[in-house]
Structure formats: structure tokens, C-alpha cells
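Peer 1: Quick one: the structure is below, questions incoming.
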Amino acid sequence: MIFKVEDVTVYFPYDNIYPEQYSYMVELKRALDAKGHCLLEMPTGTGKTIALLSLITSYSLSKPLNPVKLIYCTRTVHEMEKTLAELKLLHNYQTLHLGPAAKILAIGLSSRKNLCVNSMVLAAENRDSVDAACRKRTASWVRALAAENPNVETCDFFENYEKAASEALLPPGVYTLQDLRAFGKQKGIISKEMQKESVVVFDEAHNIDNVCIEALSVSVRRQTLEGATRNLNRINREIERFKTTDAGRLRAEYARLVEGLALRGNLPISDAWLSNPALPDDILKEAVPGNIRRAEHFVHVLHRLVLYLRGRLDTENVEKEGPVNFVASINAHAGIDQKTLKFCYDRLHSLMMTLEITDTDDFLHIQTICDFATLVGTYTRGFSIIIEPFDERMPHIPDPVLQLSCHDASLAIKPVFDRFQSVVITSGTLSPIDLYPRLLNFHPVVSRSFKISLTRDCICPMVLTRGSDQLPVSTKFDMRSDPGVARNYGKLLVEMVSIVPDGIVCFFVSYSYMDEIIATWNDSGILKEIMQHKLVFIETQDVVETTLALDNYRKACDCGRGAVFFSVARGKVAEGIDFDRHYGRLVIMFGVPFQYTLSKILLARLEYLRDTFQIKEGDFLTFDALRQAAQCVGRVIRSKADYGMMIFADKRYSRHDKRSKLPGWILSHLRDAHLNLSTDMALHIAREFLRKMAQPYDKSGSSGRKTLLSQEDLEKMSNDGSINEMLY
């Protein structure tokens, strides 16, 4: 269908559109017009991706002189493939109506491990090894050596790409990862370039603050320091070798560093490394400090830094320091000042290129140390250095760790907000939406949460506060080891497996709690009762085991045997796997998935959030736990034709301050009568709901609830002005 959103003609590849999709497009267009950032919460299963792609590509087509370019970021390769499949469908529809004018170039980009077409490189076992294997074949010095010695191995695909020059450009079209690999093999080339874009979309971005914090946090253990010492000894040997064979190269590097790091921009494309996101631009224009310009002096500085860190790890008490005090301590004990620390990361990369080191995966330890040094030297606030002599959960095993912990998510995302015209943060679970601008320190021009329009109440959330014996159920610390709670949770599941068809998914608050509950159920015979009705599959911390369990779970649901899948909130399954249709008719969230509140890193972050952004500890912990719970239960419903039940099995969900932080589209279906249920009451509601859902589904909404709009409906609503009522 083709319709207007204000002054933009939108090409939408389906015959009908949901009201919330239209509202989403209107808000998104306003953000693009204002050239600002936006936060949009859209319920799962309501066509968020196609609405976003249709509006942005149509917006770009409406401005042929200044088209908007789009970077669409997903969390997983699977989600990327789904997005590109939607875009392919949309592109075909636009080309059908507009001809060659609608042609676009869209490509899926992932790590080298997912995109490389050289079978010899792909044989490496992990991502870092693949990068190193590629570098061994494409670095400029390797290729120069190969020109003289044909026995030196290079990459034929890269050589063909270099020879093809401008002919290596991709023709217009939508390329999935598979398409890109096929194109590279067919043409014998592979590309490495990507233009600067202007609109960035972060899809499923409810955890964006945690991702930002992880990107700027570094952990140093004894193994890291031992590996760094080995790396430095090898670099020393390489420097000595170069002094005897090619001293001019070391002198040239010294001269370049006097001018400043920005000159690294002149390196060949095959040698260029990603610039350090931690360094502000003005530092890159400065000259490198004199005491680390000479290679051997720099290695000596790193030796002293490693020695200092080793001394700090030899402690029996937990220590916490700010970056300013830590840098002062390094200066006093190791004689390394803040400016020197700041340049360590880029100085190491410059040295590794000068020494023509290709097996970069062997140097990960010293890279970690330099990363740590640069971050601690660059930022004076928003970080803590925490030294723990052992893991609190296993105090009898000495495992000292020094952690540079970032507390301010805005530091990592700031360059993205500054560089791009519009950044769109969207997900099905962004409630409470007003907390994100404070956590990420930005000002959205549009911030909106959309409701879900349904022809029938196909979502049935319930809050279970007590078992059939009327004892309260909760995973609160003082109650979780109570045998009565484990028994009531078990009885709830036994009752549900007997009446709910196909698949049931259960989420626990942690792996240790899941193991404890399953062991209790096994001893008391509850697990045996469950298995009389359905097969049981369990998520483990091993990716291969979990993938196999998921495959077999789906097979059991497909063949009608039915299955239960035990999973963990914050795990892989909770984040990226959909349990749509018969794969998930019921989700039970056992407990409230709070973070481990005794963690020193979490306590330091909570203190920072309170002092800097005035966010109370309790508010942040509840917000974080409820978004994880919403993400877990949201797996069950992936389209409007789907249906499913959600049981929040913990008495704390009945409190207003907890449940009010659930997304609006869940709260709007959570009736007051479903807020304080026992097991037998929940069983009765489940029976009634399943009976209702068994009736034929009227997707057009002829019963008075219009949830599918045609082109004619939109035109009619535009003419009589009722479209504004639908939007607000």
C-alpha cells in the first residue's frame, strides 16, 4: 500500500497496516525532520522493523538531493538476517512502483568470522584468530614480501579486490551475509570499506546502557599480566632484530610520532586499525610524549606498569579507588604520568605495525593492559578501580582481579550521538522510558511508548503471589531456600503442564537458583510428575548444549508431545530466542531477576548514578530487574495472531512500585482481578483463557475493534480528521 505521512509518500509492502505502525512512522518522521534523537517503545510482534525501514527508505526517496543514509544495528546475526529479508521485500515493492529511481544499496555487516570467504582464514577457531590470520595475508609488508618471494602466502580475494579498484563496487541491491559471501567468491574479491552514515537505529536496545559500560570496562588478572610479560619480551626481541636489519624503520616511526598520532591516517587500508574510541580527537593531534617515542623506552614503561599492577594484585582486602588517585599512585610508585598512560593504546598499535607483527591474537594480553592504561589516563570521572582478592561466591579460591569499571554509559555512546544526525533507540521493553535519557545523558526530540491494538485479548498476564496452600512465594533472599516456596513453584508447574498445550518456558533468576530448584524437585518427585505430561529441556552455560536443547524442545512441540524449557533471565535464550506460536503458550517468571546486589562493581555504579544523575539505588535496581522480566515474558508473543499467558510468580510483583515499571502494553492487559492469585485461581484463569483462544480468529476486527487499516481506511481517516484521534 502507498500512503502519505505528512509530506512523505510511504511505500509499505503489505496490504494492511496496524494503527501503532502508522503512529510509529509519524513520530519517527518528526524526529528525522528535527534532525534529533528519539526513543520509541513498540510492543513485540507489531511490525516495528518494517515500519521503521519503510519510513526511512521512503523519507530518503523523498529527498533525492540529500538522501538519508541508514545504519541499522541488531544484537545478533539472526536478527540481522531477518531485517535484511524484510528490506529485500520492501525494496522489491518500491522498485516495482518507482523503477530504477528506488534502487538502493543495503548490506549486512558482521565480524570477519561471519563474512570472510577465504577458507584458510576461516579455519581459525575464534574471532581474534580469524583477524590475525587475515592480517598475516593482507598486511602491506606481507604483500611486499610476496612480490619478491612467491612462496609467501597472501589472500587471492584481497589481491583481486586491490586490482579491481573502482570495478569492485557492489551493484545496487539488498545483500544478506550469505549474498555478500557469494558475491565475493564469484568475483574473487572482498570489500573492507564503509561510508559515514547519518541515521543510526539501535534495535532491541533495552540493554544499551549495559553494552556501553561493558565496552569501556577492563579486567586484569594474574594470567593477563603473565601473558603481557611474555608479549613484551617478544616485542623486545623484535626491536633488537629490527635494529640490526632495518633501523631506518624505527627512526621513521620516531619522526612520525613527533608530529602526532593523526598521521597514522596515511597508512595503507590493509594496515589501518580501528581508532581508539576512548581518545578524544584533540589528543590524536598532540605529539606523543618524549619518554615513549623510542620503541625500547616505551617497552620499558610497559614493563614498569605490569610490575606495578602485579604488586597491586597481591592484596588480601577489597580495595576501591578513583582514576585520579590510581594515576597518582602509578606516578609515585612506577614513575609513569597521566599523559604517558593516555597514549599507551595507540603507541602500542603504532609499534606493532612498525615491527610488522601479524599474529595479533597472540598479543591480546598486552593490548588489554594498554587499553586499561589509556582509559585510566583519559577519564577522571565515571570510573572506579576495584581490586578483589577472590570471588565472594567462592572465597576459599584465591583469584585476584583488578577491574577498571565504567559507571557512566554516556561516555561510550557520546561519539555516536555527536557524529550522527539522528539516533533511534527502539525496543519492545524501554519502560520506564524517561530513565534512558538520564542514563545516556542525551535529549531526545521524541520519546514515545505505543500501546498494542488487538481484536481479541490474546495476552494474559497474571501475578501469582501464593501457592495452593496460601503460603507466599518469592525468590527474596530470606525466602528462596524455604522448601515451601520450592514446593509451591513445583506444584504450579505440575498443574500448568497438565492443561497448557505444546510449549511452556520457565525463567529463573540465576543459574545457581535454577540448579537448586531442579535438584529439590527431583528429590521430591515433582520433576517426574512434570515429565509424565511434557519433556523437560534445560539451558546451560554451554552454547552448544543449549542450542541442541532448543532444537529438541522445538521438535517435541512440533510432534505434539509438548515440552518445558528451563531458562535463566539475562541468559542467551532470554535475549534472542523467540517462542512464538505453539513453541510458547505460557511463560512463567519465577521471581524478580535482580542483579547480584553484593557485587562491588554494582554498588560502585549505584553510588555514581545517585551522586551524578540523582537516580536512587532502589529505582535503578527495580528498573533493571523489571526490564529483564519483561524481556523474558515478551518472548511468548511475536504477532497479533499469536496468543500466550505470562505468569509473574513472586509476591513482589503485586506491589505498585514494581509492576508499574513493566511496559504499557503488558500493563494494559493486566487486570486488577489477576494481581493477587493463588495456584488454583491461576489454573482456573488459564483454562478460561485457553478455551477462549480456541475459537476461530477474526483478524480483520469486524467485532468493532479495527486493528488492521487498509489504504482506503487511512485516506478516509485523513479526510475526516479521525487520524489524530488514533495517534493520541
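Peer 1: Could you state the angle between the C-alpha long axis of helix 483-499 and the longest principal axis of the C-alpha atoms of the chain, as a value from 0 to 90 degrees rounded to the nearest 10?
Peer 2: 70
Peer 1: Per residue of the chain, what 222 nm ellipticity follows from adding -39500 (n - 2.57) for every DSSP H run with n ≥ 4, rounded to the nearest 500?
Peer 2: Values: 32 runs with 356 residues, N = 728.
Helix contribution divided over all residues of the chain: -15000 deg cm²/dmol.
Peer 1: For the peptides 126-139, 75-88, what is the packing order when you average, over each peptide's residues, the other Cβ atoms within 10 Å and list the highest mean first?
Peer 2: On the way: 126-139: 19.4, 75-88: 17.1.
Sorting 126-139, 75-88 by mean packing, highest first, produces 126-139, 75-88.
Peer 1: Something else about it: Would you please report the Å³ per residue occupied by the convex hull of the alpha carbon atoms in the stretch 451-574?
Peer 2: That works out to 145 Å³ per residue.
Peer 1: Further, regarding this structure: Could you give the C-alpha radius of gyration of the stretch 550-634 expressed as a fraction of 2.2 N^0.38 Å, taking N as the number of residues it contains?
Peer 2: Working: Rg = 17.0 Å, N = 85, 2.2 N^0.38 = 11.9 Å.
Rg over 2.2 N^0.38 Å, computed on Cα atoms: 1.43.
Peer 1: Calculate, in nm to one decimal, what A144 and Q421 gain on full extension: separation in residues at 0.36 nm each, minus their alpha carbon distance.
Peer 2: Values: separation 277, 0.36 × 277 = 99.72 nm, distance 4.11 nm.
That pair, A144 and Q421, stretches by 95.6 nm at full extension.
Peer 1: Give me Rg/Rg_expected for the stretch 376-507, where Rg uses Cα atoms only and Rg_expected = 2.2 N^0.38 Å with N residues. Please list the in-between numbers first.
Peer 2: On the way: Rg = 23.0 Å, N = 132, 2.2 N^0.38 = 14.1 Å.
Output field value: 1.64.
Peer 1: What order, most packed first, do the peptides 245-256, 500-511 have when packing is the mean number of other Cβ atoms within 10 Å of each residue?
Peer 2: On the way: 245-256: 13.2, 500-511: 23.1.
Per-residue Cβ counts within 10 Å, averaged per peptide and sorted highest first, yield 500-511, 245-256.
Peer 1: Let me ask something additional. By how many nm would the segment from D179 to E617 lengthen if fully extended, with 0.36 nm per residue of separation less the alpha-carbon distance? Before the final figure, lay out each step's value.
Peer 2: Working: separation 438, 0.36 × 438 = 157.68 nm, distance 4.76 nm.
Fully extending the segment from D179 to E617 adds 152.9 nm.
Peer 1: K555: which aspartates and glutamates have alpha carbons under 13 Å from its alpha carbon, excluding same-chain residues fewer than 8 sequence positions away?
Peer 2: D502
Peer 1: With +1 on the Cβ of every Lys and Arg and -1 on the Cβ of every Asp and Glu, and nothing else charged, how large is the dipole of the stretch 414-493 about its Cα centre, in debye rounded to the nearest 20?
Peer 2: Working: 11 positive and 6 negative charges, 23 e Å.
I would put it at about 120 debye.
Peer 1: Cross-link candidates for K476: which lysines have Cα within less than 16 Å, leaving aside residues fewer than 8 places away along the same chain?
Peer 2: K651, K658
Peer 1: Also: Estimate the FRET efficiency between R127 and N317 by the formula 1/(1 + (r/R0)^6), using the beta-carbon distance for r and 30 Å for R0, to the nearest 0.05. Provide the component values of the computation, followed by the final result.
Peer 2: Values: r = 37 Å, r/R0 = 1.22.
The computed FRET efficiency comes out at 0.25.
Peer 1: Expressed as a rounded percentage, what relative contact order does the chain have, with Cα pairs under 8 Å and six or more residues apart? Present the calculation step by step, with values, prior to reporting the outcome.
Peer 2: Values: 1181 pairs, mean separation 126.4, N = 728.
Averaging sequence separation for qualifying contacts and normalising by length gives 17 percent for the chain.
Peer 1: Given H placed 1.01 Å from N in the peptide plane, which residues other than close sequence neighbours of A563 have an amide H under 5 Å from its amide H?
Peer 2: Hits under the 5 Å cutoff: G503, I504, L535.
Peer 1: Sticking with this structure for a sec: With a/c under 1.5 counting as rounded, go ahead and sort the stretch 421-472 into rounded, prolate or oblate using the C-alpha gyration tensor (a ≥ b ≥ c being the square roots of the eigenvalues; past the cut-off, prolate if a/b is larger than b/c, else oblate). Mind dumping the intermediate values first?
Peer 2: Values: a/c = 5.08, a/b = 1.89, b/c = 2.69.
It is oblate, given that a/c is not under 1.5 and a/b is not larger than b/c.
Peer 1: Also, I was wondering about something else. If you average the C-alpha positions of the stretch 471-488 and of the stretch 632-687 separately, how far apart do those two centres end up, in angstrom?
Peer 2: Spelled out, the Cα-based centre of one part sits 20 Å from the other.
Peer 1: Let me ask something additional. Which whole-Hz ³J(HN,Hα) couplings does the stretch 244-250 yield from phi under the Karplus relation 6.51 cos²θ - 1.76 cosθ + 1.60, θ = phi - 60°, glycine and proline marked x?
Peer 2: Karplus-based 3J(HN,Hα) across the stretch 244-250 equals 8, 9, 8, 5, x, 5, 5 Hz.
Peer 1: Provide the descending list of Cα extents for the stretch 80-153 along its principal axes, expressed in whole angstroms.
Peer 2: Principal-axis extents of the stretch 80-153 (Cα, largest first): 55, 28, 15 Å.
Peer 1: With r as the distance between the Cβ atoms of R691 and Q532 and R0 = 22 Å, compute the FRET efficiency 1/(1 + (r/R0)^6) and round to 0.05.
Peer 2: On the way: r = 23 Å, r/R0 = 1.06.
For R0 = 22 Å, the calculated efficiency reads 0.40.
Peer 1: Local charge sum around L548 (other residues, Cβ-Cβ under 14 Å, Lys/Arg +1, Asp/Glu -1)? Write down the numbers at each step before the final one.
Peer 2: Working: positive: R554, K555, K572; negative: E539, D542, E545, D551.
Local charge sum for L548: -1.
Peer 1: List the relative contact order of the stretch 1-57 as a percent without decimals, with contacts defined as Cα pairs under 8 Å and 6+ residues apart. Numbers along the way, then the final one.
Peer 2: On the way: 47 pairs, mean separation 21.2, N = 57.
Once normalised by length, the contact order is 37 percent.
Peer 1: Could I have the simple spin-label model distance between S524 and S512, label points 7 Å from Cα toward Cβ, reported in nm to one decimal?
Peer 2: Going from the S524 label point to the S512 one covers 2.1 nm.
Peer 1: Place the peptides 709-718, 440-449, 95-104 in order of packing, highest mean first, counting for every residue the other Cβ atoms within 10 Å and averaging per peptide.
Peer 2: Values: 709-718: 16.0, 440-449: 17.9, 95-104: 12.9.
In descending order of packing, they fall as 440-449, 709-718, 95-104.
Peer 1: What is the projected area of the convex hull of the Cα atoms of the stretch 27-140, averaged over all directions, in nm²? Mind showing how you got there, number by number?
Peer 2: On the way: hull surface 42.1 nm².
Here the figure is 10.5 nm², rounded to one decimal.
Peer 1: Additional query: Would you work out the relative contact order for the stretch 513-588, in percent, from Cα pairs under 8 angstrom that are 6 or more residues apart?
Peer 2: Numbers: 57 pairs, mean separation 20.6, N = 76.
The normalised contact order for the stretch 513-588 reaches 27 percent.
Peer 1: Let me ask another. Could you name the lysines whose alpha carbon sits less than 18 Å from that of K692, not counting residues in the same chain fewer than 8 places away?
Peer 2: By straight Cα distance, K692 reaches K640.
Peer 1: In degrees from 0 to 90, rounded to the nearest 10, what is the angle of the helix 295-313 Cα long axis to the longest principal axis of the chain?
Peer 2: Approximately 50 degrees, to the nearest 10.
Peer 1: Tell me which label goes with the value of Rg and Dmax of the Cα atoms in Å computed from the coordinates here: (i) 25.5, 78; (ii) 37.1, 149; (iii) 28.4, 87.
Peer 2: Read-out from the structure maps to (iii).
Peer 1: Give me the angle, in degrees from 0 to 90, between the Cα long axis of helix 711-720 and the longest principal axis of the Cα atoms of the chain, rounded to the nearest 10.
Peer 2: 80
Peer 1: Turning to a different aspect of this structure: How far, in nm, would the chain grow between V152 and Q186 when pulled straight, counting 0.36 nm per residue and subtracting the alpha carbon separation? If you can, show how the numbers build up before the last one.
Peer 2: Values: separation 34, 0.36 × 34 = 12.24 nm, distance 2.43 nm.
Once the chain is fully extended between V152 and Q186, it gains 9.8 nm.
Peer 1: Right, here's the next one. Give, as a single signed number, the net charge of other residues whose beta carbon lies under 10 Å from the beta carbon of K534, with Lys and Arg counted +1 and Asp and Glu -1. Display every interim value, and only then the final one.
Peer 2: On the way: positive: R561; negative: D502.
Summing Lys/Arg as +1 and Asp/Glu as -1 gives 0.
Peer 1: Taking amide H atoms as placed 1.01 Å from N in the peptide plane, list the residues 5 or more away in sequence, or in a different chain, whose amide H sits under 5 Å from that of D650.
Peer 2: L464, G591
FYI, it's all coordinate maths here, none of it is from the lab. Just so we're clear, the structure is a prediction, and the values are computed from it rather than from any experiment. Positions of Cβ are backbone-derived with ideal geometry, glycine not excepted, and every protein chain shown enters the neighbour counts.
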